[in-house]
Amino acid sequence: MATLERPELSVVIPALNEEGNITKLYDRLVETLDPFGRTYEILFVDDGSRDGTAALAEDLCRKDPRVKLIVLRQNFGKAAALSEGFTAARGALVVTMDCDLQDDPAEIPKLVAKLDEGYDLVSGWKYPRRDPLSKIIPSKVINWVARWVTGVHLHDFNCGLKAYRLNVVQDLALYGELHRYIPVLVSGRGYRVGEVKVCHHPRHSGRSKYGVERFLRGFLDLITVTFLTRYNKRPIHLLGGIGALFFFLGCIANGYLSVLWLLGYGIGYRPLLFLGILLIIVGVQLGCFGLVAEMLTQLSHGRERDSLVRRTVGLDGRQGEPRARTSPDLGSRS
Ligand code: UDP
Ligand code: MG
């Protein structure tokens with residue numbers, strides 16, 4: 001059967017309560033992918049739906065062996081659903097899209113063509129975006145801040161429609177709501193990230209799963225990904241750097257007061273004394289946090305199995321092999 005062979009393309013679709021959309025999305029996908037000429041699989045990940053989504057997806061699996069279904073135990077969130085889909089995907093290329101028909105399957109060939117130009121991740125740019133203004137405006141602000149803070153020049157970080165090379169998704173540690181900034185995480189690992197404009201539609205049926213809280217969470221997640229991509233491997237540079245600055249300012253403040261005290265002035269009532277003490281204590285604590293964070297980095301570093309290599313010369317066939325563990329193998333001693 002065709003299912004034993006690795007398809008060229010895996011389409012991963014997270015779905016939470018999408019019974020009004022799933023069958024229509026399947027029809028639209030087949031309409032585009034059959035004439036596209038690449039073998040494919042469609043992987044639905046049911047993220048704890050309480051409606052008929054999983055049952056409908058199972059019907060599709062029975063009807064078409066190219067359709068697969070993963071049912072999560074409960075609602076774990078879109079990032080977790082994507083992550084499970086990425087683990088199961090077998091295609092050399094992986095496309096993700098939302099299940100509500102806001103993303104248009106007809107755009108998939110465009111994304112794949114851009115991947116073929118040499119990109120590792122191609123992100124959709126919903127243009128023009130078919131969402132209420134109350135969603136479009138805050139999202140524009142977040143995208144602008146994200147571009148500025150991360151240096152990744154995309155217009156639309158959180159478009160559900162994206163295409164990846166398989167090794168890129170296998171290299172992704174997705175949890176919480178980090179799906180919003182996948183391009184930042186991927187770019188931080190040295191992969192090439194591109195963008196193409198894609199057609200966008202209003203939600204076909206059902207309701208959005210996110211309320212206004214998405215914007216505050218979006219900003220918090222931006223802080224997380226910025227920290228993860230810039231300081232994940234050197235937390236002492238951030239925490240120790242801020243700590244050293246605080247400590248230095250505290251020493252200046254209290255040094256100045258010490259001189260006054262030696263000259264016979266009273267300093268016990270000076271607010272600057274308390275500020276100086278506070279800065280010194282917080283500075284030392286931040287430095288200690290930085291050292292603990294370095295220890296955690298050291299522990300996790302030995303477990304990394306992904307390759308950092310894009311290509312090699314004269315080492316044919318060995319590209320992309322997992323790196324040997326750096327921690328000593330105690331069992332191999334004789
Ligand atoms: N989704 C999910 N788990 C969740 C929330 C959303 O799998 O906890 C799926 C949802 O079914 C849809 C996609 O993620 O396929 C995007 O969700 P939604 O359309 O509600 O987001 P919006 O378009 O409002 O940003
Ligand atoms: Mg949607």
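So here's what we get for this one:
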read-out: Vicinal HN-Hα couplings computed from phi for region 55-61 (Karplus, 6.51 cos²θ - 1.76 cosθ + 1.60; Hz; Gly/Pro x); value: 5, 5, 5, 5, 4, 5, 4
read-out: Using θ = phi - 60° and Karplus 6.51 cos²θ - 1.76 cosθ + 1.60, couplings along region 212-224 (whole Hz; Gly, Pro as x); value: 5, 4, 4, 6, 5, 4, x, 5, 5, 5, 5, 4, 4
read-out: Rg/Rh ratio calculated on Cα atoms of the chain (Kirkwood radius); value: 1.10
read-out: FRET E, pair F274, H237, Förster distance 22 Å, beta-carbon r, rounded to 0.05; value: 0.15
read-out: Amide H within-cut-off set for S307, under 5 Å, with H built and near neighbours excluded; value: R323
read-out: C-alpha long axis of helix 235-262 to longest principal axis of the chain, angle in °; value: 20
read-out: Chain lengthening between V292 and F227 when straightened (0.36 nm per residue, less Cα-Cα); value: 21.8 nm
read-out: Mean separation of Cα contacts under 8 Å (6+ apart) over length of region 150-198, as relative contact order %; value: 48
read-out: Value of [θ]222 nm, deg cm²/dmol, for the chain, DSSP H segments ≥ 4, -39500 (n - 2.57) each, nearest 500; value: -15000 deg cm²/dmol
read-out: Region 56-142, relative contact order [Cα under 8 Å, separation at least 6], %; value: 11
read-out: Cut-off under 5 Å, modelled amide H: who pairs with W125 long-range; value: V196, K197, V198
read-out: Cα centroid separation, region 7-44 to region 58-85 (Å); value: 11
read-out: For V12, residues with placed amide H under 5 Å, excluding near neighbours; value: L43, V95, T96, M97
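Just so you know, all these numbers are worked out from the coordinates, no wet-lab data involved. On a predicted model such as this, the values are computed, not experimentally measured, just so you know. Cβ sites come from the backbone with ideal geometry, for glycine too, and all protein chains shown count toward neighbours.
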